[in-house]
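Working notes, structure below.
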Amino acid sequence: MTYTTPIMADIATKDLQGFTHSAISREFSRMLTLLGAAIEMERDTEEVDVFDIAFKNWLDAAEDGWQHVSAAMERILAQPPVRCEDTSLQHLAFLIQLVLGFEDRDDCAAFNQMIDYHGAIFRCKNRTPVGRRTNRMIETAIAHYRTLNTMIFRDELDNGDLLLSR
């Protein structure tokens, strides 16, 4: 007798037929991929000796990764929203773009509080396939946002000066 066990929850495949990308959501999805890759490239360069020939191109690749992320965010922000979910994606793209330019830990802490206390402004209230898919993209973006904060202010975190709430 053979038994079958589904390996994916029904909700994971439920939205496939009802979701179509807008120009902003498509670009946001691409930006998430680029952002994840840029974060990984940056992590790869953390403990690298810059004079080691084996790692010669890693710093350039990491810098190029951030430029691709920045260009994707510019494209997201330049497009007019087509549906209400697009506005949430644009707000979050703008927030992440600001974080990339931070040099002050107090600014970073203020934006962390905004995400924690006013995070609902980024999430979609629609219970449609588009709303659920957008919320999943937003959750991924917030996770990347938190990773960026820990990377940008690693020295303060190591000293215990900056506390990020979750």
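We did not get these values from a lab; they are worked out from the coordinates using the rules stated. As the structure is a computational prediction, the values presented were derived from the model and not from experiment. All Cβ positions, even for glycine, are placed from backbone atoms using ideal geometry, and neighbour counts span all protein chains on display.
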Using Cβ contacts closer than 10 Å as the measure, can you line up 63, 46 from fewest to most? 46, 63
With the 8 Å Cα cutoff and a minimum separation of six or more residues, the stretch 20-159 has a relative contact order in percent of 29 percent
Residue-by-residue Karplus 3J(HN,Hα) for the stretch 144-151, coefficients 6.51, -1.76, 1.60, Hz, glycine and proline x: 5, 4, 5, 5, 4, 4, 5, 6
Positive minus negative residues near residue 61 (Lys, Arg vs Asp, Glu; Cβ under 13 Å): -4
Give me the number: length gained by fully extending residue 123 to residue 59, i.e. 0.36 nm times residue separation minus the C-alpha to C-alpha distance, one decimal in nm. 19.6 nm
A correct fewest-to-most ranking of 59, 34 by other Cβ atoms within 10 Å would be 59, 34
Exposure proxy order (Cβ contacts within 10 Å, fewest to most) of 151, 31, 41: 151, 41, 31
Which of the trypsin sites (Lys or Arg not before Pro) across the stretch 60-144 are loop residues per DSSP, with 11 or fewer other Cβ within 10 Å? 125, 127
